[in-house]
1. Out of 281, 274, 286, 317, I need the residue that is out of contact with any strand residue (DSSP E or B) (no Cβ under 9 Å at 6 or more places or on another chain) and open to solvent by 30 Å² or more (accessible area, probe 1.4 Å). Which one?
2. Please find, within the stretch 31-41, the residue that is modelled with the lowest pLDDT out of those that are under 18 Å from residue 227 (Cβ atoms) and in a helix (DSSP H, G or I).
3. State which residue is nearest to residue 222 (Cα to Cα) when the search covers only the stretch 251-291 and only residues that are free of Cβ contacts under 8 Å to residues at least 60 places away in the same chain and of a type in the set (Val, Ile, Thr).
4. Please give the number of the condition residue 24 fails out of (1) modelled with pLDDT under 90; (2) under 26 Å from residue 182 (Cβ atoms).
5. Let me spell it out: the conditions are (1) free of Cβ contacts under 8 Å to residues at least 12 places away in the same chain; (2) under 21 Å from residue 146 (Cβ atoms); (3) assigned to a helix (DSSP H, G or I), and residue 239 meets all of them except one. Which number is the exception?
6. So which residues in the stretch 208-247 are at pLDDT below 80, among the aliphatic types (A, V, I, L, M) and surrounded by fewer than 23 Cβ atoms within 10 Å (Cβ to Cβ), if there are any at all?
7. So, in the stretch 328-387, of the ones that are part of a helix (DSSP H, G or I), of a type in the set (Ser, Thr, Tyr) and surrounded by fewer than 24 Cβ atoms within 10 Å (Cβ to Cβ), which residue ends up modelled with the lowest pLDDT?
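The values are calculated or read from the model by the stated rules, or taken from the named source; none is laboratory data. Treat the numbers as computed from the prediction; the structure is a model and nothing was measured. With ideal geometry, Cβ positions are generated from the backbone for all residues, glycine too; neighbour counts draw on all protein chains shown. The area values use the complete protein model at the heavy-atom level, side chains included, leaving out ligands, DNA and RNA. Shrake-Rupley method; radii C 1.70, N 1.55, O 1.52, S 1.80 Å.
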Amino acid sequence: MPRWLPLLLGFLTAVGPLSTDMYLPAFPAIRAELGSAWGGVEATLSAWFLGLAVGQLVQGTLADRLGRRRPLIIGTAIYTVASIGCALASDIAMLSAWRCVAAFGGAASAVIPRAMVRDLATGLDAARLMSRLMLVMGAAPILAPTIGGLLLEAAGWRVIFWVSAGYGLVSCLLAGFLLPETLPPERRQRRSAMTVLGDFGRIGVERGFITHAVMGGAAMFMVFAFIGGAPEVYIAQYGIAPSEFGLLFAVSAIGFIGLTQLNPWLLGRFGGLVPRVALYVALLAVLLMTLSASTGWGGFLGLYLPACVALACTGLVLPNAAVGALARHGTRAGSASALLGMMQFGLAALGAGLVGVLTGTDAVPMALLMLAGVGTALLADLMRTRR
């Protein structure tokens, strides 16, 4: 395997977090220009995740049937065109629709690199490769809100989507010219639609898959309840400037990246206890965050610091959840990765949608939704099989 391949896979996978995070500081500005009611801008985030959830089922199936490269190239091309549509949107409904289309295409960059990791490695080697991939894609949530805040102040919110379109075009070209095919023709699955649905059914009832998928999906619910609520809470309630919001968000992401890189070493020493301990720490952090949001104790730092800890802990949950879910499905890695992504991003859409409806500028509903997510993830971890 070329040494640069994890860098390329990480760059491609970063399409998702880049599209999610770069426009977060622009929520109030989009609301002001397009005149949406409370929850309207957050609906564009839910539309993005719904598109990812559905798109991954389609893209994963195509990746098992056609190989990895072609669906990835076509998907990034769709994402590029739809991002241009977002930049030209005249109302929230149009913006939400284009976001959904962009997510459907961008889903290829979410599901296919995970399947390629499974093509290339298993066990601890897969966890190590997945962690290296997340190191690269982790630069997106660090840089994206900061870049988005600077672009917003310099040129307005629409330019954020023009930049997204440019990133999609570069991704499409890189996939077309550099990405190797990791699924040879003899391993491709040429099955009928009913057989594919049967595969989804068999994968979805396997205990190892479902417990790991719910663990990762509930962790995603927690993360995106925070991502959906934080712009309004930070900017409207605490008066944080959009550019400062980007910097604060970047600090939150640093812990996630650091722990993903410690993950292989910790797994080698402590095995399956790693995600469980991380979830207990995240639970304690979110409880402190909920207390701060309810009482005002600690002010902004009383809310912000526990959130940083909880988000960092997901760096020890998400890679292990993905590897565990795919471990027994090597011949159906694309379908299993698609079903995993559908569940995770479906729960992410639910988290972002609920926080948009319930939160406004109040941090309490956001904290309670995060508490529900981490609690569910911990229950799933307690039920998962050990390898």
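1. Numbers: 274 fails: open to solvent by 30 Å² or more (accessible area, probe 1.4 Å); 286 fails: open to solvent by 30 Å² or more (accessible area, probe 1.4 Å); 317 fails: open to solvent by 30 Å² or more (accessible area, probe 1.4 Å).
From the options 281, 274, 286, 317, the qualifying one is 281.
2. Among residues in the stretch 31-41 that are under 18 Å from residue 227 (Cβ atoms) and in a helix (DSSP H, G or I), the one modelled with the lowest pLDDT is 40.
3. 281
4. (2)
5. Going through (1) free of Cβ contacts under 8 Å to residues at least 12 places away in the same chain; (2) under 21 Å from residue 146 (Cβ atoms); (3) assigned to a helix (DSSP H, G or I) one by one, residue 239 breaks only (3).
6. Answer for the stretch 208-247, where residues must be at pLDDT below 80, among the aliphatic types (A, V, I, L, M) and surrounded by fewer than 23 Cβ atoms within 10 Å (Cβ to Cβ): 235, 236, 241, 247.
7. Going through the stretch 328-387, the residues part of a helix (DSSP H, G or I) turn out to be 330-358, 363-383.
Then drop every residue that is not of a type in the set (Ser, Thr, Tyr), which leaves 331, 335, 337, 376.
Pick out the ones that are also surrounded by fewer than 24 Cβ atoms within 10 Å (Cβ to Cβ) and you get 331, 376.
Details: 331: 56, 376: 90.
Step by step, filter the stretch 328-387, then rank; the result is 331.
Yes/no per residue for (1) closer than 25 Å to residue 338 by Cα; (2) open to solvent by 10 Å² or more (accessible area, probe 1.4 Å); (3) of a type in the set (Gly, Ala, Ser); (4) in a helix (DSSP H, G or I):
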position: 43; (1), (2), (3), (4): yes, yes, yes, yes
position: 49; (1), (2), (3), (4): yes, no, no, yes
position: 52; (1), (2), (3), (4): yes, no, no, yes
position: 56; (1), (2), (3), (4): yes, no, no, yes
position: 64; (1), (2), (3), (4): yes, no, no, yes
position: 70; (1), (2), (3), (4): yes, yes, no, yes
position: 74; (1), (2), (3), (4): yes, yes, no, yes
position: 79; (1), (2), (3), (4): yes, no, no, yes
position: 83; (1), (2), (3), (4): yes, no, yes, yes
